[in-house]
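The values are calculated or read from the model by the stated rules, or taken from the named source; none is laboratory data. All values reported here derive from a predicted model rather than from experimental measurement. When we count neighbours, we look across all protein chains shown, and the Cβ atoms used for this are built from the backbone with ideal geometry, even at glycine. Note: areas computed on protein heavy atoms with side chains; ligands, DNA, RNA excluded. Shrake-Rupley method; radii C 1.70, N 1.55, O 1.52, S 1.80 Å.
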Amino acid sequence: MSHTQTARRRRRFDLTRWAQGGGLHAVLFAVPVVLVYAYFSWGPVLQGLVLSFQKTNLILPAQWVGWSNFEYVLSDPGLVQASLNTAYFALLALLFGFPIPIILAVLINELRRYDGLYNALAYLPAIVPPVAAILLWKFFYTPDGKGMFNTALGWIGLGPFPWLNSEASAMPSIVLYATWAGAGSTAIIYIAALSTVRTELYEAAEIDGAGIWRRVWHITLPQLRNVIFVMMLLQLIGTFQIFTEPFLFTGGGPNNATQTILLKIYNYAFINGDFGAATALSVLLALFLGVLSIVYYFVTRRWSRA
């Protein structure tokens, strides 16, 4: 018997054993689950791609218009302003909002006593419903001297500040709220990652006389490198999809200073009734985030493996 015939028998035998061992039943059990997942997850994606090439308000019959929706969206003069505002928000959130959860996690990790209480307090903002929290902060941002923030700053001779009523301070004010709302839940992830760092590294550093900042720089941050890179990518994707905060705080104002891409998509769909244009801009945003993720992966791959 030739070697080829023996190999074929082995492959046929392995397939038979796999089927008799329950592999076929597992596949038959998994197929409906996969089909349901694909229908509800990828079905809307494919439908959105089709909708981006149509002119429709979801009431009248759809008309196939080809690339007209993309041409209309790209020629919209407000798209540049919305893109710049979104990038500005992402930049501010990255510079000021991203380091805070790391610092918070390190401080909680260093405070060995009552760490459970500190974890609960850090996570507390994530429990508050976003709409209720935004409305409360909107009251805090009252521009006259009666607002809570202006009142507190007035005690030290500062203010009053216009906050959301100024083109210059509206976006930083939204970033301040977004940092408060998201820092706690992100810090919990970093705290969980810190629990995997070997304690003997810290003990050896303490024996060598390393202070807290040297331990953080030479031990904590290198050990959290992979987690930091993943969280930074997730934050970039999330910040480019910012909607709730500018929608409830300012509605895109003042003078379109907080108009973001997702807010523009909302206006296309529910203000103008042009769901084709809204879907086209959504597809463009998804493509941009996909390219950004790929570039980010290749840029950080060498650093994450170093």
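Of note:
- Test: residue in segment 283-291 that is touching a helix residue (DSSP H, G or I) at 6+ places or on another chain (Cβ under 6 Å) and touching a residue at least 60 places away in the same chain (Cβ under 8 Å): no
- Condition check for TRP137 on (1) in contact with a Leu (Cβ under 7 Å, 6 or more places away or on another chain); (2) open to solvent by less than 30 Å² (accessible area, probe 1.4 Å): one failure, at (1).
- Unmet criterion (only one of (1) open to solvent by less than 50 Å² (accessible area, probe 1.4 Å); (2) farther than 30 Å from ASN267 by Cβ; (3) in contact (Cβ under 8 Å) with a residue 12 or more places away in the chain) for LEU104: (1)
- Restricting the search to helices (runs of 4 or more DSSP H) fully inside segment 214-306 and requiring at least 1 residues that are β-branched (Val, Ile, Thr), open to solvent by less than 50 Å² (accessible area, probe 1.4 Å) and farther than 27 Å from LEU74 by Cβ gives 225-239, 275-305.
- Scanning segment 128-163 for residues that are touching a residue at least 24 places away in the same chain (Cβ under 8 Å) and among the small types (Gly, Ala, Ser) returns a single hit, ALA133.
- Looking across segment 164-175, the residues that are assigned to a helix (DSSP H, G or I) and open to solvent by less than 40 Å² (accessible area, probe 1.4 Å) come down to LEU164, ALA170, MET171, SER173, ILE174, VAL175.
- Residues located in segment 20-65, provided they are under 19 Å from ASP274 (Cβ atoms) and in a helix (DSSP H, G or I): PRO44, GLN47, GLY48, LEU49, VAL50, LEU51
- For segment 115-153, a residue qualifies if it is in a loop (DSSP other than H, G, I, E, B) and farther than 26 Å from MET231 by Cα, and the qualifying residues are TYR141, THR142, PRO143, ASP144, GLY145, LYS146, GLY147.
- So GLY273, is it modelled with pLDDT under 90 and over 20 Å from LEU104 (Cα atoms): yes
- Condition broken by GLY157, with the remaining ones in (1) loosely packed, with under 15 Cβ neighbours inside 10 Å; (2) in a helix (DSSP H, G or I); (3) modelled with pLDDT under 90 satisfied: (2)
- Hits in segment 32-59 (condition: modelled with pLDDT under 85 and surrounded by 11 or more Cβ atoms within 10 Å (Cβ to Cβ)): THR56, ASN57
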